[in-house]
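> The structure follows.
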Amino acid sequence: MGVVHLARSASGLQLAVKVVHRQYAADPEFRARFRQEVAAARRVSGAFTAPVVDADPAAALPWMATLYVPGPTLSAQVKRNGPMSPAELRRLTAGLAEALRDIHRAGVIHRDLKPSNVLLPDSGPKVIDFGISRPYDSDLRTETGKLIGSPPYMAPEQFQRPREVGPAADVFALGAVLVHAATGRGPFDSDSPYLVAYQVVHHEADLAGVPADLAPLVGRCLAKDPAERPTPDEIMAALHPPSYEAAAFIPVQRRPLAVESGAADEEGATTHVRATDGLPSGPGTAEGPRRWRRLAVVATALLLVAGGLWAAAARGGPEAREDAVHEGRATAFTPWRTPLRSPGGSTPSCAPGPAGQGSALYCVSAGFGLARLDASDGRVVWAHRDTSPAPVSGAAMSGEAACVVVGEEFRAYSPGEGTELWHTDLSAYSDAPVPAGDLLLAVRRDGTLEALDAATGESRWRRTVPGHVNPGYALYEAGTGLAYVYESSAQGATTLVTAVDAGTGDTAWQRGLDGILTPAGTSDGQLLLTAMNEKSQTTALIRYDPRTRSATRIALPLRMNAPETVVDGDTALLLERGGTLLALDVRAGAGPAELWRLETAVGTTSAPVLGAGGRLYFSATDGRLLAVDTKRGTLLGQTRPRLRNGKLIHASSLPAPVVLGRSVIGTAPDGSVFAVDADGPARW
């Protein structure tokens, strides 16, 4: 797909620079995949990968620069020197297992681990080439009928169920790589890739020549059932002690460190240790090892103290709330997780209660029903169970009612007790009503607008808006009380936008604008709309000022697929399904508007939600919750994927997270609702 150059940076660092061939650079799908490769490589850079130094996936010829790794590939090493020794093999196993652990923790599946993608420098094995890797929840696919990977190192599910490939496929590839390193051949060998594929799916692996102490572990890696394969952590644990044959080496310190510390020794007396240059005593004496053991006791004691403080903070006990521990710090935050059990394990959808209800949180889940939670601790205040087979979706709060959609019905419940207030048949409406204060705004099938009282379900007003045949609500602005409806012409040449007073139904203003537009937010009294091309790609923002009736086009630096947009003052943040997050200055005119761009490497995202302190939150389909700094465009932290019965799963729908006070509340496909500390995303 490209060529890799050996280069030097201005400071003299040796770099490997991958440049995409021109014919592939012209392919939008390949560009999207290359963006994903860059994002994946950036996320997993660590001790066992080649760190990304710089990249430009949007260049005419996209490129990526990583640190140059001086060393042969595993395939070249085995071809030149033959199979590895048992000690070398254990060292390789430990390094590759740790590499996969880091890769999977970053939410990425490599999908093409093979000997030619493993480099062997003196510092330990490095995994390279994330060209066909993808996030756990990615929906980016290749052309129909094409396999992804290299057959001798592909797991059975990659041939049988490619859409269900998870991290366990990398573990299978690790097993195949280890067989190659130990024997010079693979566990499934044939000149025909089709026969190899058949053997991978149906035959047992050939482990002849693999050292006896490693063969059982390698065999588990090559299990046909992904659930039977060990995790990278389990592989590393199985290798201890030791991971490989090597003696620890502690270098002599060159400068004295005037540091004293005290700890109780084995007899309970306090021992003071001063670190000086060199060893505490000469080599070969008994005093040296004893003093090093005492130093280890000191270090262990300090770790235990630190661990005790951390554990107390995690429990939220009295120790965590002592201001003397961290002066100026707020009280400790206790994360929580509440399962809303349902047969299908569907992802709950949540909405905060009205401002007067404090920490009230309303969540709905298919097969479970509606529940009110206390957002401070996750306690279920009440639950209205609904076991009907009709799908349940769309938790929302409007005035004094918690609202959900159940099949073709719209139901409203009292927030205090959870009793049903009223319900209505949705067949009369083109879509579910939109909350707007104490009202619910809806569009009837005949194109008329209607406002329903959230507490009673009675109609407050009904209006026919001139120029509209089948409009849709896109946005409600609580500050002004305006709701925006829009409708594009049949040919997509123009879009009619109408601002409606939600309280009365009166038209505040109306304007026809060029293009296929969707209202996305407001900034300083101006309406921002996203503009799409004929391929449904978002290409620009339109800033419309109703006071001057002027429209300004702000071009996007790239085409985006169905981005969700939020506006933060003068900044618009666009998050597309493929995980690209773009920040634009909405005041920009003809000049460049891009403030920053972040490739999150999340395959499918929820709508983003703004929080305090310049933070943006969104969810991934594996239950991860991510936080981004909106000023700098950096990832602040993310939670782990949420497993169900020990298996990684993905949501079919993706509700947005909720920010309520200090809590950021996410939902996961294991059927749980969970809260993390908004003040500490780096600790998630």
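The values are calculated or read from the model by the stated rules, or taken from the named source; none is laboratory data. These numbers come from a predicted model, not from an experiment. Neighbour counts are summed over all protein chains in view; Cβ atoms, including those assigned to glycine, are modelled from backbone coordinates with ideal geometry. For accessibility, only protein heavy atoms count, side chains too; no ligands or nucleic acids. Shrake-Rupley method; radii C 1.70, N 1.55, O 1.52, S 1.80 Å.
> Given the pairs K79/K114; K79/K224; K18/K114, which span a C-alpha to C-alpha distance of over 26 angstrom in this model?
K79/K224
> How much of the calculated P(r) for region 489-612 lies past 20 Å, in percent of all Cα pairs?
44
> So between L13 and R341, what do we pick up on full extension, going 0.36 nm a residue minus the alpha carbon distance?
That works out to 112.7 nm of additional length.
> Now a separate question. Could you check the spin-label model distance between D213 and W422? Points 7 Å from the Cα along Cα→Cβ, value in nm.
Each label point is offset 7 Å from its Cα along the Cβ direction, giving 7.6 nm.
> Could you compute how much accessible surface R411 exposes when probed at 1.4 Å, giving the result in Å² to the nearest 10?
50
> Please give the residues of region 460-492, grouped as numeric ranges, whose backbone N is less than 15 Å from a label point set 7 Å along the Cα-to-Cβ vector of D514.
Answer for region 460-492: 492.
> Want the number for D545 to D501: 0.36 nm per residue separation, take away the alpha-carbon distance, what's left?
Once the chain is fully extended between D545 and D501, it gains 14.1 nm.
> Here's something else I'd like to know. Quick one, what does Rg over Rh come out to for region 1-92 if you take C-alpha atoms and the Kirkwood Rh?
1.06
> For a protection proxy built on the mean count of beta-carbon atoms within 10 angstrom, sort 364-375, 49-60 highest first, please.
364-375, 49-60
> In nm, to one decimal, how far is the N561 label point from the R185 one, both placed 7 Å along Cα→Cβ?
Reported label-point gap for N561 and R185 is 4.2 nm.
> Out of the total accessible area of region 1-94 (probe 1.4 Å, heavy atoms of protein only), what percent is carbon and sulfur?
The computed percentage sits at 58.
> Separate question: Once both labels are modelled 7 Å past Cα along the beta-carbon direction, what's the A682-T334 spacing in nm?
My value for the distance between the label points is 2.6 nm.
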